[in-house]
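The values are calculated or read from the model by the stated rules, or taken from the named source; none is laboratory data. In this text the structure is predicted, and so the values were computed from the model without any measurement. As a convention, Cβ positions derive from the backbone with ideal geometry for all residues, glycine included, and neighbour counts pool all protein chains shown.
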Amino acid sequence: MNTRILRGLGVLLILVVILASQTIFIVDETKQAIVLQFGDPIRNIRDPGLATKLPFVQNVIYFEKRVLSSDAPPQEYLTTDKKRLVVDHVTRWRIADPLLFFKTVSTEARARARLDDIVFSELRRELATVNFVDVISQERENIMESVTRSSAEKAKEFGIELLDVRIQRADLPEVVQQSVFNRMRAERQRESSLFRAEGEEQAAIIRARADRNETVILAEGYREAQRLRGEGEAMAISIYAQALEQDPEFYAFWRRLQAYKTTLKAGDTLVIPADSDFFRYLINTRPGTASDEAGTAGEGP
């Protein structure tokens with residue numbers, strides 16, 4: 001009897017647990033849920049905590065309650081001044097109405113795809129009304145606010161609250177980038193050539209000025225040297241003249257000795273006529289002392 005009662009209580013407890021698991025569910029604070037009955041949504045639950053549903057005929061689907069983001073692939077757009085532009089944007093959004101969200105897009109993947117289409121369309125419309133320079137200047141903030149407002153209105157149809165659209169990058173297409181790069185390089189080369197030409201011109205001016213100064217300095221130095229040389233030669237001539245006036249024979253003798261010193265070298269052999277006047281001071285025509293030789297030096301050979 002006790003065994004049957006215990007078995008019955010065990011079976012009842014199991015049934016209660018199964019029934020409770022099919023009836024009671026928990027909604028986390030980061031989630032929100034909708035209750036489906038035979039596949040049709042009947043109510044949504046946004047507050048965290050315990051909730052109930054009919055067992056076996058109803059089921060629960062959970063959706064993210066936190067802010068989500070969608071990083072779409074870059075797309076190419078055309079500005080009002082006919083400039084091609086590749087824009088990479090990111091979208092921040094959250095599920096505001098789970099029931100409408102489930103009825104229209106069902107999943108987050110489909111929601112991201114629809115949001116990307118909406119934002120692409122609004123970006124294309126907005127960028128077509130502005131110039132290229134506005135996108136890369138302070139006007140970018142106004143462009144993003146305008147795109148956010150218009151996209152948020154369309155996103156409400158899917159139970160989505162669009163919070164923000166941000167342009168991460170705005171670049172030129174790769175082909176255009178190469179063209180711009182080549183143009184910039186050509187411009188820099190032109191500027192460098194201009195600077196180089198100006199530098200060479202200045203260098204030529206400086207070199208010409210230096211050459212002129214060098215010529216002037218050399219000419220003045222040569223003139224001064226010639227003047228000093230002339231003065232020296234005049235002074236030497238004057239000294240020679242004074243010496244010649246005092247003792248012409250001794251002067252002639254001393255000058256001839258200087259000529260001998262310059263002309264004659266050790267080991268030289270000279271063949272000269274006996275009556276040569278150049279060596280008359282070297283020829284001794286009569287024996288005697290050194291004083292006799294000096295006395296006969298003035299008489300000649």
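Descriptive notes on the structure:
- Restricted to the stretch 165-221, and to residues there that are β-branched (Val, Ile, Thr) and at pLDDT below 90, the residue that is nearest to Val119 (Cα to Cα) is Ile167.
- Residues of the stretch 64-96 classified as hydroxyl-bearing (Ser, Thr, Tyr) and within 23 Å of Glu161 (Cα to Cα), total: 3
- Test: residue in the stretch 232-248 that is loosely packed, with under 10 Cβ neighbours inside 10 Å, modelled with pLDDT under 90 and on the phi > 0 side of the Ramachandran plot: no
- The set of residues in the stretch 1-43 being at pLDDT 80 or above, of a type outside the set (A, V, I, L, M) and surrounded by 13 or more Cβ atoms within 10 Å (Cβ to Cβ) consists of Phe25, Lys31, Gln32, Gln37, Pro41, Arg43.
- Selection within the stretch 44-83: residues that are closer than 30 Å to Ile136 by Cβ and among the charged types (D, E, K, R). The member of this set that is surrounded by the fewest Cβ atoms within 10 Å (Cβ to Cβ) is Lys82.
- Considering Gln32, Gln37, Gln58, the condition of being in contact (Cβ under 8 Å) with a residue 40 or more places away in the chain and in contact with a strand residue (DSSP E or B) (Cβ under 6 Å, 6 or more places away or on another chain) is satisfied by Gln32 alone.
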